[in-house]
Amino acid sequence: MPLGEDGNGWKKKTSDIKEHYDFKEVLGTGAFSEVVLAEERGTQRLVAIKCIPKKALEGKENNIENEIAVLHRIQHPNIVSLEDIFESTSHLYLVMQLVSGGELFDRIVEKGFYTERDASQLIHQILDAVKYLHDMGIVHRDLKPENLLYYSMDEDSKIMISDFGLSKIEGAGSVMSTACGTPGYVAPEVLAQKPYSKAVDCWSIGVISYILLCGYPPFYDENDAKLFEQILKAEYEFDSPYWDDISDSAKDFICHLMEKEPMKRYTCEQALQHPWICGDTALDKNIHESVSAQIKKNFAKSKWKQAFNATAVVRHMRRLQLGTSLEGPSQITPTSPCHGLLLPEEEEEEEEEDELGNGEEESCKCTVHLRE
């Protein structure tokens, strides 16, 4: 079905998108699209616009329809929203809420003080947002730190979930089986190519929680086959000395989410009731030095990049605050990874495409983060 011909009227025709928005600078580029920082004419509101040539959509109409169907249904304070869609003769323009606070790992590394309680509050927000998705029958399927951005540069900024490129809306009686996601965060049942459900998101939240408390992933091996074997067996440890100062409650919380059997795994609702999230068991001890050192060691900076270059947004916002010139070339290189606010289509040029999928409609990119 051609884009937009479903009777929902979600597209706006335009002969020139720049009649509506003043393009400021390129935030990210990929093989099939470009994300631009733009200012809405009249309101001066900043947004991120994903510009997709229609030629790039040929054969991918189902992907974009799926993402639009997902995003149009979502209104949550911790989820990046799709605000508008424009279509010209040559392009589709997806106008997204701009989140300007930077990337999760950057903020943790920059902090001078970071505790279990900070991690607990982050996970609480993520759980609340994912529960909202699950209640709507939506499974994200690619939750990972790179898809978590801060809303603003404020110290107490909320966290935002982005990138719905692999999202799936559960139909009545439907079963998901396409193996997709990012290996280090993907649930055992996905790798086992078994039918799976929204429980895969809960596993991923467990992995993210683990990383937030130690700075390295629970599963790591330079050999993909060995990495997959670890995940399939749900083999992970709370290594000393990195976990010596972490509470038993935090470890218990992670164990309930990183449970091999999906039926035994905590749901978002159950996880929200755990004392590490809703009680007072999360410790206030400063773990910043250890966690930030491990993050810098185990997560290459080039791998942190999100749908658009968050650093460029922060830089631009600071220029606005300082009243300096907006002119000058963008600092974003042509090979900046653009994993997409929407389409999971781009990879860094030096990385080989590695699909876990079986050729179904989802294009599943795999980015492995290795501990050194």
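The values are calculated or read from the model by the stated rules, or taken from the named source; none is laboratory data. Note that the coordinates shown come from a computational prediction; the quantities given were computed from them, not determined experimentally. Don't worry about glycine lacking a Cβ; one is built from the backbone with ideal geometry, like all the others, and counts go over all protein chains shown.
Brief remarks follow.
- Filter result (over 15 Å from Ala119 (Cβ atoms) and either crowded, with 21+ Cβ neighbours inside 10 Å or not assigned by TED's automatic domain parsing to the domain that holds Tyr185 (or both)) within region 218-246: Phe219, Ile231
- Residues located in region 151-190, provided they are surrounded by fewer than 21 Cβ atoms within 10 Å (Cβ to Cβ) and either modelled with pLDDT of 75 or more or among the aromatic types (Phe, Trp, Tyr) (or both): Tyr151, Ser152, Met153, Asp154, Glu155, Asp156, Ser157, Lys158, Ile159
- From Leu143, Leu127, residue being outside any helix (DSSP H, G or I) and either buried (at least 24 other Cβ atoms within 10 Å of the Cβ) or of a type in the set (Val, Ile, Thr) (or both): Leu143
- Test set (1) farther than 16 Å from Leu212 by Cα; (2) crowded, with 21+ Cβ neighbours inside 10 Å - Glu83 fails condition number: (2)
- Filtered by the rule that a residue be under 20 Å from Ala250 (Cα atoms) and either part of a strand (DSSP E or B) or in contact with a Lys or Arg (Cβ under 8 Å, 6 or more places away or on another chain) (or both), region 96-117 gives Thr115, Glu116.
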